[in-house]
Amino acid sequence: MTLENKNDSNEVQILSAAENFTYFKEPLNEEEIINVMSDLKHRIFPRPFERLSTLRTCKDLVGAEIGVAGGEHALSLLKTLSIKKLYLIDPYDIYETYTEGRQHYGADGSGLNKFRASAEKLLSEYSDRIEWVGKMSSDAASLITEELDFVYIDGNHAEDFVSQDINNFFPKLSSRGVIGGHDFYNGFQREHDGVVSAVLSSAGLKDFQMRVEIPDWWVEINDKKN
């Protein structure tokens, strides 16, 4: 017996009843679902990293963000958390092997100049609490000598680079430290597979409970497994 496919198009029929939705009273099509999820993952601040981690209860934090782009998430960190100093690590330069970066910022990375100008303007009122580090994260790690209470990784999403960031910055965490990052999902955007692979395979994180709330992942030093 052969089952007939009643929908040969690429459209997805949403079967959920509208009355069961909490916020969406009308069913969504596939494109709308993708757009809603994209908003949740990229454009709603504060992100889970600062909302749900123990950082919310800490004072006078010293932290670092790897990958600043337009500065929206850095602004969220500064407004949500009690931050004494925030290192902003971003060379605003394209990696030769970073294909995702070229998609977002142009083949020559020229689009990054607009992001840098936007970030500098957006964060200007916090100049007394931020320190720009215009280096690749691999070079920036050796320049930051003080302990860090948190590190948020959102730079090059290729597996090798995410692993490098974890390995370089995990040892710098204080006793209340939290390390985590963005884009922990690998659905239709397969360029994020490297983030998931790097985090799950990191030997340094194995002894700790990993927390995940899309789009973020994080590990807390005080959340070590028995």
Query raised in the report: Taking ASP193, is it within 28 Å of ASP39 (Cβ to Cβ) and either modelled with pLDDT of 95 or more or surrounded by 13 or more Cβ atoms within 10 Å (Cβ to Cβ) (or both)?
Result: yes
Report task. Would you check which residues across region 52-80 are touching a residue at least 60 places away in the same chain (Cβ under 8 Å) and farther than 18 Å from GLY155 by Cα and list them? Result -> LEU52, SER53, THR54, LEU55, CYS58, LEU61, VAL62
Query raised in the report: Quick one: GLU120 ticks every box in (1) surrounded by 14 or more Cβ atoms within 10 Å (Cβ to Cβ); (2) charged (D, E, K, R); (3) under 25 Å from CYS58 (Cα atoms) bar one, so which box is it?
Result: (3)
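Considering only strands (runs of 3 or more DSSP E) fully contained in region 144-226, which possess at least 1 residues that are in contact with a Ser or Thr (Cβ under 6 Å, 6 or more places away or on another chain) and in contact (Cβ under 8 Å) with a residue 24 or more places away in the chain? Quick ask: steps written out before the conclusion?
Numbers: elements: 148-153, 173-181, 208-213, 216-224.
Passing ranges, in order: 148-153, 173-181, 216-224.
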Query raised in the report: Inside region 73-96, can you point out the residues that are within 20 Å of GLY111 (Cβ to Cβ) and among the small types (Gly, Ala, Ser)?
Result: ALA74
Report task. Take GLU31 and decide whether it is surrounded by 10 or more Cβ atoms within 10 Å (Cβ to Cβ), over 30 Å from PHE169 (Cα atoms) and either small (Gly, Ala, Ser) or modelled with pLDDT under 80 (or both). Result -> no
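Take LEU15 and tell me if it is among the aliphatic types (A, V, I, L, M) and either surrounded by 16 or more Cβ atoms within 10 Å (Cβ to Cβ) or under 25 Å from ASP165 (Cβ atoms) (or both). Working first, answer last.
Numbers: among the aliphatic types (A, V, I, L, M): yes; either surrounded by 16 or more Cβ atoms within 10 Å (Cβ to Cβ) or under 25 Å from ASP165 (Cβ atoms) (or both): no.
Answer is no for this residue.
The values are calculated or read from the model by the stated rules, or taken from the named source; none is laboratory data. All values derive from a computational prediction rather than experimental measurement. Heads up, the Cβs are rebuilt from the backbone with ideal geometry, glycines too, and the neighbour counts pull from every protein chain shown.
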